[in-house]
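Novice: Below you'll find the structure I mean.
Laboratory data are not the source of any read-out in this text; all were calculated from the coordinates shown. Fair warning: this is a prediction, and the values are worked out from it, not measured in the lab. Glycine also receives a Cβ, built like all others from the backbone with ideal geometry; neighbour counts cover every protein chain displayed.
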Amino acid sequence: ESFKAWGQMDRVELPTGVASFPGEVLGAPRTWCDPVYNITHWTTMPRGGHFAAFEQPELFVEDLRAFFATVR
């Protein structure tokens, strides 16, 4: 009730980075994300889940740095 249906969202034009972890509780496929976000960085991670920053901190930070290096 408190949010718009996925297909009714306005497109976000800001550069967006996504780290897709295989153990995430509710992951969104890229085909759902591309129409809504300006995805400039997408990484499919080899391991990790919902608490990725705690579970795989090295992978998480490495990917954050890679994304933010592109938007400086």
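Novice: Once the Cβ-Cβ distance between Arg11 and Ala53 is put in as r, and R0 is 30 Å, what FRET efficiency do you end up with, to the nearest 0.05?
Specialist: Efficiency at R0 = 30 Å is approximately 0.65.
Novice: Please state the shape class of the chain: rounded when a/c is under 1.5, otherwise prolate if a/b exceeds b/c and oblate if not, all from the C-alpha gyration tensor.
Specialist: Oblate is the answer for the chain, as a/c is 1.5 or above yet b/c matches or exceeds a/b.
Novice: For Trp42, enumerate residues with amide H under 5 Å from its amide H, sequence gap 5+ or separate chain, H modeled in the peptide plane.
Specialist: Amide H neighbours of Trp42, under 5 Å, 5+ apart: Val18.
Novice: Which angle between 0 and 90 degrees, to the nearest 10, do you get for helix 57-69 versus the longest principal axis of the chain when only C-alpha atoms count?
Specialist: 60 degrees
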